[in-house]
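The structure appears right after this line, and notes come after that.
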Amino acid sequence: MGTMTKPQFKGKRYRLDRPELLAPAGNLEKLKFAVHYGADAVYIGGQKYGLRSGADNFTFEEMREGVEFAKKYGAKVFVATNIYAHNEDIAGIEEYLRNLYEAGIAAIIVADPVIVDTALRLVPGLEVHLSTQQSTLNWQAVSFWKQEGLPRVVLGRETSLEEIAEIKQHVDIEIESFIHGAMCSSYSGRCVLSNHFTDRDSNRGGCCQSCRWKYDLFEDARPEGNWVSEEDQAEAPQALQPGVTQLPLHQPEDNPFTMGSKDLCMLESIPDLIEAGIDSFKIEGRMKSIHYVATVVNAYRKAIDAYMADPEGYVLKPEWLEELQKAANRPLNTGFFYDTPDHEDHIYEPEEKAAPYDFAGLVLEYDAESGTALVQQRNNFKPGQEVEFFGPDDTFFKQTVGELWDEAGNPLDVARHPLQRVRMKVDQPVAYFDMMRKRK
C-alpha cells in the first residue's frame with residue numbers, strides 16, 4: 001500500500017470549527033436518543049466486521065432509517081468496521097462497503113489495512129477513519145495515514161494531551177479521541193484473555209470482558225514434581241489430595257479481585273481538550289443503556305456549548321458532573337491524558353453497584369392546559385415515588401408522582417406494563433423525548 005498510488009485527502013477541513021461530539025448507538029432507538037440529546041455524530045455497528053458482536057447492531061434498512069433521522073438534526077452516522085480480518089473475513093467486504101455507502105453512511109472506522117485499501121479504492125465517497133485499534137500514538141504515524149488518504153485518525157487511548165497537541169502541530173488532519181467511558185485493561189484492546197478462556201476473539205468482536213470477572217489467586221503447590229513441603233501439608237492438607245496441585249493465596253473471607261480499569265471521564269477538562277486541538281470527542285458505550293447515552297451526551301453537550309460560547313468566562317457547572325454520576329457504572333478517572341495510570345486507576349475489588357437511577361418513562365406529549373404529560377413506561381413507577389425529569393432543552397426538575405391514568409382515563413395504582421402509555425400531572429412543562437428517571 002504505497003503512498004505514491006493514493007493522493008492525500010482533499011475533501012474537507014482538517015480542523016473542525018467546533019469539536020464534534022460523537023456518541024455510541026447500539027441500536028436504532030439509542031441512535032435517536034443520542035442525536036436528540038445533542039450528538040453531532042453517532043457510531044454504530046453493522047451485522048459484520050465490527051468489534052461489538054453483543055450489541056443489537058444494524059441492518060442496512062435500519063442504517064438508512066438512522067441516517068434519515070440524523071440528517072434532520074444535522075448529524076452524521078459512522079459505522080465501525082474495525083475487526084482485524086482473517087482470510088475468511090474478507091469475502092463479501094466489497095459488497096458490504098458498497099451497501100454502507102448506498103445507505104448514506106458518512107464514514108467507516110477501520111483498523112485492518114486491507115479494509116482501508118478496499119474502501120479507498122472502491123467507494124471513495126465513503127470517508128475512512130482510522131480506528132483506535134491501530135494504536136496510533138505519534139505524529140509520524142498520523143502523517144503516514146494522512147498520506148494514505150485518510151481524513152481522520154482515532155488515536156490510541158494511551159496518547160497524552162501533550163502528545164495530541166504535538167500531533168496537531170505537525171499534521172493537518174482531524175484527530176478523534178475517546179473522552180468518556182470504559183477503558184480496556186489491555187493495550188488498545190489487544191487482549192487474548194477472552195480467546196483463551198472462551199475461544200471468543202476480542203479483535204473480531206467477541207470480547208467476553210474477562211478482565212471484569214472475579215478471580216482468586218493460587219500458587220503451584222508442587223514446583224518440584226510431586227514433592228510438597230511439610231509446611232504446605234500443615235497449612236493446606238488438600239494439596240495432598242489426588243489431582244490438587246495449587247495452594248490458595250487467599251482466605252475464604254477475602255473478596256475475589258478483578259482486573260478492570262476505572263472509566264474515563266474528561267468533562268472537567270473540556271477547555272484542555274479543545275485547546276489541544278482534538279476535533280472529535282468520542283464517548284464509549286454501544287452496549288450501554290438509553291439512559292446512559294442520553295445523560296452522558298447531554299452533559300458533554302452543555303459543557304462544550306458553554307465553552308464555545310464564552311471561553312474566557314467558562315465555568316464548569318457542578319450539576320453536569322452530578323448528572324454523569326447518575327449514569328456512571330464504575331469509578332472515574334482521566335486515563336492517560338495527564339499521566340500514566342497506576343494501580344489506583346484499576347478496580348481490584350468487586351465493582352460498585354450500577355448507577356442508582358433507572359429510566360422510568362419517556363415523554364410523548366405535553367398538554368399545557370391541563371398540565372399533564374403522556375408518558376411511555378420504561379420501568380414501573382407509581383404514585384408517591386419521587387422522580388426526575390430531564391431533557392436536552394434544559395428541562396430538569398424533581399417531583400412526586402401523583403395520580404396516574406391510562407389513555408382511556410381510568411385510574412392506575414402503578415404503571416406496571418412495559419411501554420404502557422399513562423397520563424400524569426407534571427409540575428413543570430415537558431417536551432417530547434424528555435426522560436423521567438427514578439432511584440432504584
> So which trypsin sites (Lys or Arg not before Pro) in region 39-146 pass both tests, a DSSP loop state and at most 15 other Cβ atoms within 10 Å of the Cβ?
Replying inline: K48
> Rank H343, H129, H170, H36 by accessible area, highest first, at a 1.4 Å probe radius?
Replying inline: H343, H170, H36, H129
>> Please give the Cα centre distance for region 362-393 versus region 286-323, rounded to the nearest Å.
In response: 22 Å
> When all protein chains stay in place, what accessible area (Å², nearest 10, 1.4 Å probe) is found for L419?
Replying inline: 100 Å²
>> 7 Å from Cα along Cα→Cβ at both L122 and K214: what's the point-to-point distance in nm?
In response: 4.6 nm
> Could you give the length gained on full extension between Y314 and A91, defined as 0.36 nm per residue of separation minus the Cα-Cα distance, in nm?
Replying inline: 75.1 nm
> Local charge sum around Y357 (other residues, Cβ-Cβ under 9 Å, Lys/Arg +1, Asp/Glu -1)?
Replying inline: +3
>> What does the charge count around M183 come to, taking other residues whose C-beta lies under 11 Å from its C-beta (Lys +1, Arg +1, Asp -1, Glu -1)?
In response: -1
> When Rg is the radius of gyration of the Cα atoms in region 261-397 and Rh is its Kirkwood radius, what does Rg/Rh come to?
Replying inline: 1.01
> Once you list every other residue whose beta carbon is under 12 Å from the beta carbon of L155, what net charge do they have if Lys and Arg are +1 and Asp and Glu are -1?
Replying inline: -2
>> On the principal axes of its Cα set, how long, how wide and how thick is the chain? Give whole Å, largest value first.
In response: 85, 64, 48
> In Å, the Kirkwood hydrodynamic radius of region 34-174 over pairs of distinct alpha carbons?
Replying inline: 15.7 Å
> Counting GluC sites (Glu not before Pro) as exposed when in a DSSP loop with at most 14 other beta carbons within 10 Å, what is the longest stretch of the chain free of them?
Replying inline: 1-223
>> Counting heavy atoms of the protein chains only and a 1.4 Å probe, report the per residue accessible area for the chain as a whole number of Å².
In response: 48 Å²
>> Give the lysines whose C-alpha is closer than 21 Å to that of K438, dropping any in the same chain fewer than 8 places away, or say none.
In response: K30, K288, K326, K353, K382, K398, K425
> Exactly which chymotrypsin sites (Phe, Trp or Tyr not before Pro) in region 354-440 are in a DSSP loop and have at most 16 other Cβ atoms within 10 Å?
Replying inline: Y432
>> Are there any chymotrypsin sites (Phe, Trp or Tyr not before Pro) in region 55-142 that are in a DSSP loop and have at most 16 other Cβ atoms within 10 Å? List them by number.
In response: Y73
> Which value, in Å² and to the nearest 10, is the accessible area of H346 when all protein chains are kept and the probe is 1.4 Å?
Replying inline: 60 Å²
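The values are calculated or read from the model by the stated rules, or taken from the named source; none is laboratory data. All values reported here derive from a predicted model rather than from experimental measurement. Cβ: placed from backbone, ideal geometry, glycine included. Neighbour counts: every protein chain shown. In case anyone asks, the SASA skips ligands and DNA or RNA and just uses the protein heavy atoms, side chains included. Shrake-Rupley method; radii C 1.70, N 1.55, O 1.52, S 1.80 Å.
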